Amino acid sequence: MAWNHADQSDESELMSHQIISPLPGIFYRKPGPGKEPYVNEGDMISAGQTIGLVEIMKQFSEVRAEFDGVLEKFEIDDFGVVNPGDVIAITS
Amino acid sequence: MAFDILEPGLSTTVQDQGRIGYYRFGIPQGGSMDQYSATLANRLVGNTAREAVLECTYIGPKLVTTSDAVIAVTGAPVDVFVNGELVPEYERLELLAGDELKFGVIKGGTKYFIAVHGGIDVPEVLGSRSTYPIGAIGGVEGRALAAGDLVPVGAAIDNGLPVLQSIEVDDRPAFSKDVTVRVMLGLYDHLLSHAGLDSLLNSEWILTPVADRMGLRYSGPGVEWKEREQPFGAGQDPSNIVDAGYAVGSIQIPGGTQPIILHRDAVSGGGYAMVATVISADMDLVARCSPGTKTHFVAVTMEQALAARRANTVQAARIWS
């Protein structure tokens with residue numbers, strides 16, 4: 001799933017994008033216990049790259065970036081609860 | 001005529017009014033989790049209430065219709081797009097061959113329904129087209145839709161399209177994050193201590209993300225059981241009983257911590273005490289709840305439960321009149 005929305009609320013941040021969760025559930029930054037996070041703040045990411053998982057109904061859905069850029073900030077903590085439409089991360 | 005599935009969504013299944021009459025063999029009734037919303041969609045497109053629809057969970061499919069099609073989307077609030085253009089929910093839509101249907105991010109609730117004139121025409125299994133993924137029966141090959149599926153749509157129905165074009169706001173279901181669910185106590189409420197029963201009925205329970213067509217799990221203060229010597233054949237935990245049949249809508253509390261409401265695809269029996277049962281009139285309400293919903297359980301009598309069922313039947317009849 002890739003539901004990035006261009007954030008055009010601020011002209012100076014025209015190039016920043018939000019990675020939005022289309023699902024409710026639990027957000028995970030790692031593919032499994034004891035594994036390294038998919039991506040860390042400040043890392044370069046490319047379109048289609050997985051940045052985390054959302055667990056709902058015993059299913060794990062990958063959250064992917066839609067654009068190339070830098071992952072500036074996670075808005076949801078590892079193991080945090082997300083609702084549909086919540087911003088998971090900001091990229092630029 | 002068919003829907004060509006480009007993207008399947010999270011868990012899109014064919015559902016109808018359910019597979020009634022096989023519960024005693026362990027086959028659950030299944031069917032649309034929110035029957036009222038599904039029937040609204042069927043009503044708008046000129047079907048009967050019996051035609052099968054697509055039940056979409058959180059993320060709907062992206063599909064292209066291979067022929068002209070009359071459709072409607074009802075249930076949880078969501079933006080609906082035809083060829084990228086926003087179109088209304090709860091309204092009849094006329095698609096042309098090649099038109100693409102897709103959805104935005106769900107804005108509340110859990111499930112929305114796509115009805116099409118003629119109905120989704122997969123083969124009936126044990127009298128129903130409902131998908132039961134655990135048993136791998138019904139729907140498309142007994143599973144949720146997958147990319148590349150061609151989902152067959154039935155032939156036009158003789159009675160044509162209704163005058164009704166859209167569902168009035170007052171007739172649409174609500175999607176609240178704070179609900180009161182009516183239950184009848186039993187069959188095993190006598191195993192709860194006084195404090196345990198008080199906790200069940202007077203606490204706030206929060207729906208967790210562990211919720212699907214089989215059951216919905218709630219977090220809260222937990223409950224306390226009476227001390228007793230477990231009977232032969234029951235497990236050692238006080239929430240265990242000698243195996244028994246589960247009524248649809250049963251509430252069990254494994255370990256006494258997190259209540260689970262068994263819904264349409266749940267198992268038909270097992271070894272957990274059913275402390276209460278959600279009345280049939282409130283099963284759609286439970287299905288509409290998204291994770292985080294504050295839930296209170298209130299006990300009602302059989303007379304009140306039957307009155308609530310009649311009220312639902314009257315409301316449904318109003319839609320079809």
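The values are calculated or read from the model by the stated rules, or taken from the named source; none is laboratory data. Because the structure is a prediction, the values reported are computed rather than measured. Quick reminder, even Gly has a Cβ in these numbers, built from the backbone with ideal geometry, and neighbours come from all protein chains shown.
Within region B:1-48, if we keep just the residues that are in contact with a Pro (Cβ under 6 Å, 6 or more places away or on another chain) and assigned to a loop (DSSP other than H, G, I, E, B), the residue that is farthest from residue B:105 (Cα to Cα) turns out to be B:46. Taking the criterion of being touching an Asp or Glu at 6+ places or on another chain (Cβ under 9 Å), surrounded by fewer than 23 Cβ atoms within 10 Å (Cβ to Cβ) and outside any strand (DSSP E or B), the residues of region B:62-88 that qualify are B:66, B:68, B:77, B:78, B:79, B:83, B:84. Just so you know, in region B:210-238 the residues that are modelled with pLDDT under 95 and crowded, with 21+ Cβ neighbours inside 10 Å include one that is nearest to the other protein chains (Cβ to nearest Cβ), and it is B:211. When the strands (runs of 3 or more DSSP E) confined to region B:120-235 are screened for residues that are over 20 Å from the mean Cα position of the chain (by Cα), those reaching at least 3 such residues are found at B:150-152.
The criterion of being away from chain A (no Cβ under 14 Å), modelled with pLDDT under 95 and out of contact with any His (no Cβ under 8 Å at 6 or more places or on another chain) does not hold for residue B:299.
When region B:80-105 is filtered for residues that are within 14 Å of chain A (Cβ to nearest Cβ) and more than 20 Å from residue B:166 (Cα to Cα), the ones remaining, listed by number, are B:104, B:105. Within region A:7-23, does at least one residue satisfy the condition of being touching a helix residue (DSSP H, G or I) at 6+ places or on another chain (Cβ under 7 Å) and modelled with pLDDT under 95? Yes - at least one qualifying residue is present in region A:7-23. Taking residue B:54, is it over 17 Å from residue B:287 (Cβ atoms) and buried (at least 17 other Cβ atoms within 10 Å of the Cβ)? Here the answer is no, as residue B:54 does not meet what is asked.
Across region B:106-119, which residue is farthest from the other protein chains (Cβ to nearest Cβ) among those that are assigned to a loop (DSSP other than H, G, I, E, B) and buried (at least 24 other Cβ atoms within 10 Å of the Cβ)? Residue satisfying both the conditions and the ranking: B:117. Of all residues in region B:177-190, those that are under 19 Å from residue B:239 (Cα atoms) have Cβ atoms under 6 Å from Cβ atoms of residues that are in a loop (DSSP other than H, G, I, E, B) and not β-branched (Val, Ile, Thr), 6 or more apart or on another chain, in B:188/B:273. The strands (runs of 3 or more DSSP E) found entirely in region A:21-92 that carry 3 or more residues being under 30 Å from residue B:215 (Cα atoms) and more than 14 Å from every other protein chain (Cβ to nearest Cβ) are A:50-56. Restricting attention to region B:254-269, does a residue exist that is farther than 20 Å from residue A:56 by Cα, surrounded by 19 or more Cβ atoms within 10 Å (Cβ to Cβ), at pLDDT 95 or above and away from chain A (no Cβ under 14 Å)? Checking region B:254-269: not a single residue is farther than 20 Å from residue A:56 by Cα, surrounded by 19 or more Cβ atoms within 10 Å (Cβ to Cβ), at pLDDT 95 or above and away from chain A (no Cβ under 14 Å).
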